[in-house]
Amino acid sequence: MVELRRNSPLAKKFGKKTSEIEVPEGLSEVEREQFLKANGISNSEKPKTEDKKDQTISKVKHDEEIGELKEKLRKKEEKIGDLNKDRDDLRKERDTYKSRWERARSDFEEEQKKSNDYKEQLRKANDDIDAKKKEIKRLTEQPINVQVPEDTSETKKALKKAKKDNAELSGKIEELKAEITRLTADNSSKDSTIEHLNSTIKEFDTERARFEDTITLKDEEIEGLKNRMELSSEHLDVATSGLLIRQNVDEIASDLLDDGNYEIKLARNGSYMLIIPDVEGSAVCKNHRIMLPRLGELVPFSIKTEYPLNPVGNNIFRVELK
């Protein structure tokens, strides 16, 4: 405690001859000197620091609180780093599947082009066969006017030429039939290849969608953690973990859920769920309970089950279902 001089500013303010003033705790030596000077107290009148022990204890406690806050901040930064790494790994895996999907798509388009070419060749071969058949029919139905030649040698030559032409035409017909059989078999094989490629592409699309959903949820989790980080020693957002109870096939409940509207996001593989406060959300919480009519279709229910309910920031909770 310090005795105020008659003419000190605080003595004038309170209208007293003398009074006592308590030096605030936690001031550095320079701040303490400035405080005394501002109130007209000389160095010789410096108060005896009876509360020196209290000031020391207060500063130690303050330093401990700062240390705890820094440690919590470090752990959050480590968690964000881990999540960023997981997100980067997922993106690399997604890019790998995307590359494979693009190659499969390219192979599919190439096979489809070949199939179209084979179909065009088959169509032309069929047209050629039809033309040959019509020509044969025309020749077989054409009336033959037999004229007895004066020279039998000419008749023999004509007959020999006709037999030769007929043999060549029969050979061409057999070749065309063999080509048709081959093209039909190739076309069937290409159709099977196309179906396999379509199935592979569909699987890639499903896998890519799963990766994109996972990355989106990771991004939201990371953003939630970043928003919770505060460097001030006076404030630190500390959420509480708890349990989510599934009472029946389409109802979940937890004391940590406040009444209001929520948006529910469920991973495609049903491994976890995010519960996000949203005034426009379709899921309504009443008396700490939320009804989800389609939950039974996505996550089978057999008996009453308790799941870990963990905060991820901004009042968002993550439920580990598997």
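Below are the figures for this structure:
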quantity	calculated
Any chance GLU102 is on the phi < 0 side of the Ramachandran plot, assigned by TED's automatic domain parsing to the domain that holds LYS202 and either touching a residue at least 12 places away in the same chain (Cβ under 8 Å) or part of a helix (DSSP H, G or I) (or both)	yes
Failed item in (1) surrounded by 14 or more Cβ atoms within 10 Å (Cβ to Cβ); (2) of a type in the set (A, V, I, L, M, F, W, C); (3) over 22 Å from the mean Cα position of the chain (by Cα), with VAL319 passing the rest	(3)
Elements of type strands (runs of 3 or more DSSP E) in segment 255-304, at least 2 residues being in contact (Cβ under 8 Å) with a residue 12 or more places away in the chain and within 14 Å of ILE245 (Cβ to Cβ)	272-277, 289-291
Verdict on GLU110 being within 26 Å of the chain's Cα centre (by Cα) and either assigned to a helix (DSSP H, G or I) or surrounded by 12 or more Cβ atoms within 10 Å (Cβ to Cβ) (or both)	no
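For every residue, the table says whether it meets (1) surrounded by 15 or more Cβ atoms within 10 Å (Cβ to Cβ); (2) aliphatic (A, V, I, L, M); (3) on the phi > 0 side of the Ramachandran plot; (4) more than 17 Å from the chain's Cα centre (by Cα).
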{"residue": "GLN247", "(1), (2), (3), (4)": "no, no, no, yes"}
{"residue": "GLU251", "(1), (2), (3), (4)": "yes, no, no, yes"}
{"residue": "LEU256", "(1), (2), (3), (4)": "yes, yes, no, yes"}
{"residue": "ALA267", "(1), (2), (3), (4)": "yes, yes, no, no"}
{"residue": "TYR272", "(1), (2), (3), (4)": "yes, no, no, no"}
{"residue": "ASP278", "(1), (2), (3), (4)": "no, no, no, yes"}
{"residue": "GLY281", "(1), (2), (3), (4)": "yes, no, no, yes"}
{"residue": "VAL284", "(1), (2), (3), (4)": "no, yes, no, yes"}
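For every residue, the table says whether it meets (1) outside any helix (DSSP H, G or I); (2) at pLDDT below 80; (3) touching a Pro at 6+ places or on another chain (Cβ under 7 Å).
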position	(1), (2), (3)
ALA167	no, no, no
ARG182	no, no, no
SER192	no, no, no
PHE211	no, yes, no
GLU223	no, yes, no
ASP237	yes, yes, no
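The values are calculated or read from the model by the stated rules, or taken from the named source; none is laboratory data. What you see is a predicted model, and the numbers here were worked out from it, not measured in a lab. Neighbour counts are summed over all protein chains in view; Cβ atoms, including those assigned to glycine, are modelled from backbone coordinates with ideal geometry.
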